[in-house]
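The values are calculated or read from the model by the stated rules, or taken from the named source; none is laboratory data. Computed from a predicted structure; not experimentally measured. As a convention, Cβ positions derive from the backbone with ideal geometry for all residues, glycine included, and neighbour counts pool all protein chains shown.
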Amino acid sequence: MENQVITVRNLMKKFGSFVANDNLNFEVYSGEIFGFLGANGAGKTTTIRILSGLSRPTSGEVTVAGFDAYRQPEMIKKNIGYMCQKFSLYEDLTVKENIMLYGGIYGMKLALIKERVLELLERLNFQEYENRIISDFPLGLRQKLAFSVAVLHEPRIVFLDEPTGGVDPITRRQFWEMIYETAARGITVFVTTHYMDEAEYCNRIGMMFQGELIALSEPDELRRQLPGALYQLDCEPLELAESILRRMPSVLGVSVHGALLHVDIQSEESKPEIEAALAEAGVSVRRLEPALPSLEDVFIQLVEKQRGKPARAGENP
């Protein structure tokens, strides 16, 4: 891809002795859907606040839409859209009033704001709701509206921080359709999420753990990088099998997937050893067969590897 719109080099962000972002390095390109994946507290929101000009880095180099995060945060804000975890519109205003207000905040001319109001209401099928108070709407509809308002001024980049938290699966899928439509217009979408399935929709993914970027690539490439051989285990009792497998040197990782276990082993040659160990412990194995790795498998493997590293200075062991 060409046209970098975000460049991050050796980014550090500290709050006292706590390291929220630890030496991050990555680029994001024009029109890309870039996902930041990680558990709550991994450092995703801190990063997105720095990139959107809301927080100053402790050290490192950061440019967004061609502007420096240290010297030009206000210029960054003029070239981006931002939607935070919590609902960001004014709940005591109507749909139309919110759109008009944010159009003014973005510095749009009145004629263009009115034009965009009509376009947005039609796209969301909100024509009959334009004079209703925002608080009357369910969360899913409010989030759709908040996203539409965040790109009202056609910014170069839109930052979405956990945008689908708390909404139902159907609304989440519809929300992602809106994201695809936005990227198709050339707007770069930078989205943070802790939903593994959502990360599948991104062009590239950065995986965060305890402030560090532990992986960065396309979803398929990340799956190909998973070491060993992945197997799906259907057995009883599940807890006993998991305990046994975690103690075996030939097992690289174990994760629970519903009523099954995903077991990452060193090679196919390790399978008989695993079957024998489970049988000896009285575990009834119904199926042990090859499985396609998911991003969750990749993430768990990387996190377990990371946890095996020595703790950073000032970090709890």
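Pick from the range 267-303 the residues that are farther than 30 Å from Y195 by Cβ and in a loop (DSSP other than H, G, I, E, B): which of them is modelled with the lowest pLDDT? Among those that are farther than 30 Å from Y195 by Cβ and in a loop (DSSP other than H, G, I, E, B), it is S267.
Inside the range 90-113, can you point out the residues that are under 29 Å from the mean Cα position of the chain (by Cα) and not in a loop (DSSP other than H, G, I, E, B)?
Kept after step one, since they are under 29 Å from the mean Cα position of the chain (by Cα), are these residues of the range 90-113: 90-91, 95, 98-99, 101-103, 105-106.
Selection gives V95, N98, I99, L101, Y102, G103, I105.
Out of (1) of a type in the set (K, R); (2) more than 18 Å from E27 (Cα to Cα); (3) at pLDDT 95 or above, the odd one out for R204 is which? Here R204 meets the rest and fails (2). Please work out which one of (1) in contact with a strand residue (DSSP E or B) (Cβ under 8 Å, 6 or more places away or on another chain); (2) free of Cβ contacts under 8 Å to residues at least 12 places away in the same chain is the condition M207 fails and give its number. Only one criterion is unmet by M207, namely (2). Within the range 132-187, the set of residues being among the basic types (K, R) and crowded, with 17+ Cβ neighbours inside 10 Å comprises R142, K144, R156, R172.
With D92, D161, D168 as the choices, which residue is under 21 Å from I6 (Cβ atoms) and in contact (Cβ under 8 Å) with a residue 24 or more places away in the chain? First the steps, then the outcome.
Working: D92 fails: under 21 Å from I6 (Cβ atoms); D168 fails: under 21 Å from I6 (Cβ atoms).
Just a single option satisfies the conditions, and that option is D161.
So, A183, is that one among the aliphatic types (A, V, I, L, M) and in a helix (DSSP H, G or I) or not? For A183, the condition - among the aliphatic types (A, V, I, L, M) and in a helix (DSSP H, G or I) - is met. Filter the range 34-73 for residues that are crowded, with 20+ Cβ neighbours inside 10 Å and assigned to a strand (DSSP E or B) and give the result. Result: F34, G35, F36, L37, V62, V64.
Those residues that are free of Cβ contacts under 8 Å to residues at least 24 places away in the same chain, within 13 Å of I274 (Cα to Cα) and either in the same structural domain as L24 (by TED's automatic domain parsing) or outside any helix (DSSP H, G or I) (or both), I need them from the range 216-258; list them, please. Quick ask: steps written out before the conclusion?
Filtering the range 216-258 for residues free of Cβ contacts under 8 Å to residues at least 24 places away in the same chain gives 217-218, 220-221, 224, 238-239, 242-243, 246-247, 249, 251, 254, 256, 258.
Still in the running and within 13 Å of I274 (Cα to Cα): 242-243, 246-247, 249, 251, 254.
The answer is R247, P249, V251, V254.
Restrict the check to the range 56-75 and report whether at least one residue is among the aromatic types (F, W, Y) and closer than 28 Å to F299 by Cβ.
First, pick out the residues of the range 56-75 that are among the aromatic types (F, W, Y): 67, 70.
From what is left, the residues that are closer than 28 Å to F299 by Cβ are none.
No, there is no match, as no residue in the range 56-75 is among the aromatic types (F, W, Y) and closer than 28 Å to F299 by Cβ.
Only one of V28, V64 is within 19 Å of I179 (Cα to Cα) and modelled with pLDDT of 95 or more; which? The conditions single out V28. Selection of first residues in the range 59-74 that are in contact (Cβ under 8 Å) with a residue 40 or more places away in the chain and of second residues that are of a type in the set (K, R), restricted to Cβ pairs under 7 Å at least 6 apart or on distinct chains, gives the following pairs, ordered by first then second residue: G60/R9; E61/R9; A65/R156. Considered as a group, the residues in the range 224-266 that are within 30 Å of V8 (Cα to Cα) and either touching an Asp or Glu at 6+ places or on another chain (Cβ under 8 Å) or modelled with pLDDT of 95 or more (or both) include one that is surrounded by the most Cβ atoms within 10 Å (Cβ to Cβ), and that residue is L226.
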